[in-house]
Every structure is written in structure tokens, then in C-alpha cells.
1. Which numbered condition trips up Val177, out of (1) of a type outside the set (Ser, Thr, Tyr); (2) modelled with pLDDT of 95 or more; (3) over 16 Å from Glu46 (Cα atoms)?
2. Just give me the residues in the range 147-162 being part of a loop (DSSP other than H, G, I, E, B) and over 16 Å from the mean Cα position of the chain (by Cα), in sequence order.
3. Collect the residues in the range 30-58 that are within 12 Å of Val105 (Cβ to Cβ) and either assigned to a loop (DSSP other than H, G, I, E, B) or in contact with a Pro (Cβ under 7 Å, 6 or more places away or on another chain) (or both), keeping them in residue-number order.
4. I'm told Ala116 meets every condition in (1) crowded, with 16+ Cβ neighbours inside 10 Å; (2) in a helix (DSSP H, G or I); (3) of a type in the set (Gly, Ala, Ser); (4) out of contact with any Asp or Glu (no Cβ under 7 Å at 6 or more places or on another chain) except one. Can you identify the failing condition by its number?
5. Test each condition in (1) modelled with pLDDT of 90 or more; (2) within 18 Å of Leu7 (Cα to Cα) for Gly149 and report the one that comes out false.
6. Pull out all pairs, ordered by first then second residue, where Cβ-Cβ is under 6 Å, the residues are six or more apart or on different chains, the first lies in the range 60-84 and is within 14 Å of Asp120 (Cβ to Cβ), and the second is surrounded by fewer than 16 Cβ atoms within 10 Å (Cβ to Cβ) and of a type in the set (D, E, K, R).
7. When the residues of the range 71-83 are narrowed to those that are touching a Phe, Trp or Tyr at 6+ places or on another chain (Cβ under 8 Å) and in a strand (DSSP E or B), which ends up nearest to Ala156 (Cα to Cα)?
8. If you go through the range 133-145 one residue at a time, do you hit one that is at pLDDT 85 or above, surrounded by 18 or more Cβ atoms within 10 Å (Cβ to Cβ) and not in a helix (DSSP H, G or I)?
Amino acid sequence: MANKEALRELQTRLAERLKTARAEAASVSWLAVECAGRGFLLPLHEAGEIFALTAIVPVAHAKPWFLGVANLRGGLHGVVDLAAFLGVKGAERGTESGRERVQLVAFNAALELNCALLVDRLAGLRSAAQMVAEPAAATAAVPRPAFVGERYRDDAGREWQELRLAELARHESFLRVVG
């Protein structure tokens, strides 16, 4: 029970910080999430509300990464397992403690896509001042989709990959959930 209360407090604090960060908007900033042990940065202006894991209704003939649909605040949203979509699926989600940390991050309503990403863990907010961009030559060797942004390192040396949700919302393979 204490874990659930702590999780609610974290969600409340993050929601408040998201509102404050959006209002300031002085520099590029991200919502940091983890999937399969990897760090991803979601632009704050493209990320929407954060939800606890809720009932997800599977959709017949959907791709394995499309988990189904969920009712989030009265709106029907498609739910995508981000790690599975990106091909970095990990095994840690099977544990009971792992399920308690799983969150849904909705797309900002301005992107006009009722979708939420299933992430393993929220890792807080990050600003451009906390990150150092990796040299372009180090990341240009492999072609990448338009939704994959820059790669960064934080002060602790941890690698973070930016994911552009606006580009992801238009990406053909992301939109093709059946097949």
C-alpha cells in the first residue's frame, strides 16, 4: 500500500513539474522515461498526461507491440509498448515490482493522436543544461527513422535517446497497428 501512495505522490510531483516546465519553456526540456533499461527523452511540449497502468482491452490482429485500447479519463486511447515497438523489449516487466512502476504517457492532445506509450519507469524531467549531445558522427553510422532525435549523455554518463513524438505520430509503421 505504501508503494502505491509513493507512486501517487511521484505522479503528482511530476505533473506539477511538467506544468511548471511547460510554462517556463525557456529551454528544450524532456520527460525522461526508461524502457528495457534504456533511457529515452520525450519532448515536454509533445508529451501529455501520465497515467497509472489501467485495464487494456486487446485488439484482434494487432501487432505485438500494440497492446490494445484503454479508457484514459473518458477517452479511448491506443496503448503501445514502447520497448516492443523500438525492438528493445526487456524481461524485467514480468516481476511484480516491475508492474507497479509501469506507466502510460499519453501524447499531447495537440498531436491529434489518442495514444499512450507504456514505459517501464518515469525518470523525471531533464533540461538541455543537464545533457551533452553526442557528436553527430558517432550517431550517423546507422540510418534512423525521423522520430529518433539526438543522443545525449547526462552528468552521470548515462546515455539518453530523444524520441520526437510529433514525428512518431506521423510515422507509417507506428500508425499501422494491424497486420
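The values are calculated or read from the model by the stated rules, or taken from the named source; none is laboratory data. From a predicted model like this one, the values you see are computed outputs, not experimental measurements. Positions of Cβ are backbone-derived with ideal geometry, glycine not excepted, and every protein chain shown enters the neighbour counts.
1. Result: Val177 passes all but (2).
2. Residues of the range 147-162 part of a loop (DSSP other than H, G, I, E, B): 147, 155-158.
Across the range 147-162, the qualifying residues are Asp155, Ala156, Gly157, Arg158.
3. Trp30, Leu44, Glu46, Leu53
4. Status for Ala116: all satisfied but (2).
5. The single condition Gly149 does not satisfy is (2).
6. Partner pairs satisfying both residue conditions: Ala83/Lys89.
7. Across the range 71-83, the extreme among qualifying residues is Asp81.
8. No - not one qualifying residue is present in the range 133-145.
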